[in-house]
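What follows is one structure encoded as structure tokens, with my remarks underneath.
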Amino acid sequence: MTQPATRRTVLATGAAALAAGCVGCGGDSGSGSSGGTKLTAVGDVPEGGGRVFRDQKVVVTQPAKGEFRAFSAICTHEGCTVNQVADGTIDCPCHGSRFHIADGSVAHGPATRPLPKKSIKVEGNSILLT
């Protein structure tokens, strides 16, 4: 004789089924295989330049061939989002602050603090925000 299902049994069974059906999904279609969000392909970040990822609030630079760095895309002066990487600097459109692509330090004020570093890794041909 079988017992009728209790509310607890139904909820536990449903949660287990949901979890089993999602094994391996990171919840983000841009997730990398080892725990990171894919930002871009290595070839999409120019040597001596970089790219701004507004949605993730990060800027990725390649100061030298194969050397990738990442910084916050939020200017340390008044919180504007930087908008471009040009001529070796990360540029803020609001008040003209510029930051060095190699280390995020201030190249030109009015900002006085460097851009905070962000964690990235290169996995295969992808750059992942970690």
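Readers should treat all values here as calculations from the given coordinates under stated rules, not as data from a laboratory. None of these values were measured; they are calculated from a predicted model.
Details
- Other-chain or far-sequence residues with amide H under 5 Å of residue 123's (modelled H): 128
- Distant-in-sequence amide contacts of residue 80, defined by a placed amide H-H separation under 5 Å and a gap of 5 or more residues or a different chain, comprise 75.
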